[in-house]
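Just so you know, all these numbers are worked out from the coordinates, no wet-lab data involved. Remember, it's a predicted structure, so these values are computed and weren't measured experimentally. No Cβ is skipped: glycine too gets one built from the backbone with ideal geometry, and neighbour counts run over all protein chains shown.
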Amino acid sequence: MIIETLKPKPFVKWAGGKRQVIDILINEIPKEFDTYIEPFVGGGALFFEILPKKAIINDINKELINTYLVIKNNVNDLIKSLKNHKNDENYFYKIRALDPEKLTLVKRASRFIYLNKTCFNGLYRENSEGKFNVPFGKYKNPKILDEENLRAVSEYLNSIDIEIYNKDYKDVCDLAKKGDFIYLDPPYYPINKTSSFTKYNKYDFTEKDQIELSQIFRELDKKGCYVMLSNSNTDFIKKLYKGFNIKEIEANRAINCKGDRRKKAKLEVLIKNY
Ligand SMILES: C[S@@+](CC[C@H](N)C(=O)[O-])C[C@H]1O[C@@H](n2cnc3c(N)ncnc32)[C@H](O)[C@@H]1O
């Protein structure tokens, strides 16, 4: 049994992370379901809130998925490695410049967590060659190592029936069966051309991808799955999911053109087939 103080939580800060709207999401999940499937898992805010006993999680980001796997399979070595990092600008750029493909899986996960905790805003962004390019964050005392949480996450991942993939989301949606619950949290369709962050990696998520995703939503619905999807509150998205249950929800986002003032507005939609 997982005790309250050791409840695992997301181990990275993630752009588009759902922690802000988690109280709304948790009230919208189906009462009962078989496998929990999250094809765009990112930091896994809803996954760690639900803590399902049977799950399939996936993300196209190789570094992120390697980190989930290392936490599951080798948390002791990961913790040891994280102890060696320093919050120093020159050191940060040295670690950032390393080619992750040439590191051991543990060092690769350790580099990923270190960069996430010390880079500006905890963003993950890659340039067109697929290299992480966020600058040093200059934070006073970032928590590079949260040992208690990493152990809690590891223990949880080892206590459940879970499959963890690094694939395109479509391949993972193919695994869904009747009675499964699929939560789709893709890169959002932009509210306006400059405001939104849709490029998590060298693969962009285009309008064509949003259309394809809505077709997959319909296929999952036909299969008898429970499907819930988050996206931006735009006419384009609402048209794509016409006929389903669409709820507009409030979220804090920088919405004026300077991007420095934040206010609450119904900027997101939550779409369900149940
Ligand atoms: C809005 S974020 C998900 C945030 C997540 N719900 C959280 O709580 O942190 C979207 C995620 O989709 C992933 N992604 C983008 N394109 C993808 C694709 N084609 N297949 C699978 N994952 C993809 C990105 O790497 C990113 O982690």
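Just check segment 65-205 against the gyration tensor rule for me: Cα atoms, a ≥ b ≥ c as the square roots of the eigenvalues, rounded for a/c under 1.5, and otherwise prolate or oblate depending on whether a/b exceeds b/c. It comes out oblate by the Cα gyration axes. Of the cross-linked pairs Lys170/Lys242; Lys131/Lys208; Lys102/Lys238; Lys7/Lys238; Lys138/Lys170; Lys131/Lys222, those separated by over 32 Å at the C-alpha level are Lys102/Lys238; Lys7/Lys238; Lys138/Lys170; Lys131/Lys222. Remark: the Lys177-Asp23 segment gains 52.8 nm on full extension, using 0.36 nm per residue and subtracting the alpha carbon distance.
The smallest convex shape that holds all Cα atoms of segment 1-86, its convex hull, gives 143 Å³ per residue.
Packing order of peptides 241-251, 219-229, highest average first: 219-229, 241-251 (average count of other Cβ atoms within 10 Å over each peptide's residues). Close amide H partners of Leu98, meaning residues 5 or more places away or on another chain with modelled amide H under 5 Å apart, do not exist here. Rounded to the nearest whole Hz, the Karplus-based 3J(HN,Hα) values (6.51 cos²θ - 1.76 cosθ + 1.60, θ = phi - 60°) of segment 28-41 follow the sequence 9, 6, x, 5, 9, 7, 8, 8, 8, 10, 10, x, 10, 6, with x at glycine and proline.
Beta bridges per DSSP, both residues in the chain: antiparallel share near 55 percent. So what does the Cα-only Debye profile of the chain read at q = 0.09, 0.14 Å⁻¹, as log10 I(q)/I(0), no solvent term? Relative scattering, expressed as log10 I(q)/I(0), comes to -0.42, -1.06.
Taking other Cβ atoms within 10 Å as a rough exposure proxy, Ser214, Ser232, Ser110 sort from fewest to most as Ser214, Ser232, Ser110.
In this structure, the amide hydrogen of Ile56, modeled 1.01 Å from its nitrogen in the peptide plane, lies closer than 5 angstrom to those of Tyr36, Ile37, Glu38, Glu163, counting only residues at least 5 positions away or on a different chain.
With the convex hull drawn around the C-alpha atoms of segment 69-148, the volume per residue stands at 95 Å³. The Cα atoms of segment 22-63 give a gyration tensor whose axes a ≥ b ≥ c have a/c of 1.5 or more with a/b no greater than b/c, which makes the shape oblate.
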